[in-house]
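Engineer: Structure below; questions to follow.
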Amino acid sequence: MSVGPAQPFLRGTELVLRIALGIVFIVAGLGKIFVLGEFAGTISGITYLSPDASIALAAVLMAVEILGGIALIARFMVVPVSVLFCLLLAVFLWVLASAVIQGREIQCHCFGLLNIALSNRAEIVLDIILFNLFVLLGILSPLKGPGLTRGEHGRSPDQRLC
């Protein structure tokens, strides 16, 4: 099996995406530890959840971000983790788009302690970029496991780019 000239670039791109996205979500999750109450307040403000349920959901989201980021860096279940993050980002995009349509501004505390305050419109742009990067990562990452038979670089031999 020959290695085309683009394959090292694709492997490098996949590596950079995994590490960068993993770090972003680990930082976002860890930052929420210190502002969990404010983050839960944001969730409570945009949902009909009770304060206790909002704190539980905030803790779950924080854990998903941290564990998902670690999984990406460790190259553990990259495709399923990418799909999970795409689903989360789709929900975030829906919430932000709803707020923009209603003329409301949500202070999401998305990066917690870092206190990165972006407007809803800027958050939408950021989430669209992250969503697309996760789609790209899912495409570039090979599937591994029982019953998963994608070939080298995540594609069957007849679907390779090179």
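Engineer: May I ask you to list the residues in region 78-106 that are free of Cβ contacts under 8 Å to residues at least 40 places away in the same chain, aliphatic (A, V, I, L, M) and more than 22 Å from LEU118 (Cα to Cα)?
Structural biologist: Scanning region 78-106 gives VAL81, LEU84.
Engineer: Same structure again: Taking PHE76 as meeting all but one of (1) of a type outside the set (A, V, I, L, M); (2) at pLDDT below 90; (3) surrounded by fewer than 14 Cβ atoms within 10 Å (Cβ to Cβ), write down the number of the exception.
Structural biologist: In the conditions (1) of a type outside the set (A, V, I, L, M); (2) at pLDDT below 90; (3) surrounded by fewer than 14 Cβ atoms within 10 Å (Cβ to Cβ), PHE76 misses (2) alone.
Engineer: Any residue that is surrounded by 13 or more Cβ atoms within 10 Å (Cβ to Cβ), more than 21 Å from LEU130 (Cα to Cα) and at pLDDT 85 or above - is there at least one of those in region 59-72?
Structural biologist: Initial filter on region 59-72 (surrounded by 13 or more Cβ atoms within 10 Å (Cβ to Cβ)): 59, 61-62, 64-72.
Retained after the next criterion (residues that are more than 21 Å from LEU130 (Cα to Cα)): 59.
Checking the rest, the ones that are also at pLDDT 85 or above come to 59.
Yes; the residues of region 59-72 include at least one that is surrounded by 13 or more Cβ atoms within 10 Å (Cβ to Cβ), more than 21 Å from LEU130 (Cα to Cα) and at pLDDT 85 or above.
Engineer: Hey, any hits in region 122-141 for a residue that's at pLDDT below 95, over 23 Å from ILE33 (Cα atoms) and of a type in the set (D, E, K, R)?
Structural biologist: Checked against the condition, which is being at pLDDT below 95, over 23 Å from ILE33 (Cα atoms) and of a type in the set (D, E, K, R), region 122-141 yields no hits at all.
Engineer: Here is a follow-up. From the list ARG18, ARG11, ARG104, ARG75, exactly one residue is under 26 Å from GLY138 (Cα atoms) and over 19 Å from the mean Cα position of the chain (by Cα). Which is it?
Structural biologist: None of the others qualify; the one that does is ARG11.
Engineer: Hey, another quick one. If we scan region 81-101, do we find a residue that is exposed (fewer than 15 other Cβ atoms within 10 Å of the Cβ) and not in a helix (DSSP H, G or I)?
Structural biologist: Looking through region 81-101, none of the residues is exposed (fewer than 15 other Cβ atoms within 10 Å of the Cβ) and not in a helix (DSSP H, G or I).
Engineer: In this structure, does ILE106 turn out to be over 17 Å from THR47 (Cβ atoms) and at pLDDT 80 or above?
Structural biologist: no
The values are calculated or read from the model by the stated rules, or taken from the named source; none is laboratory data. The shown structure was predicted, so the numbers you read here are calculated from the model rather than taken from an experiment. Positions of Cβ are generated from backbone atoms using ideal geometry, with glycine treated the same way; all protein chains shown enter the neighbour counts.
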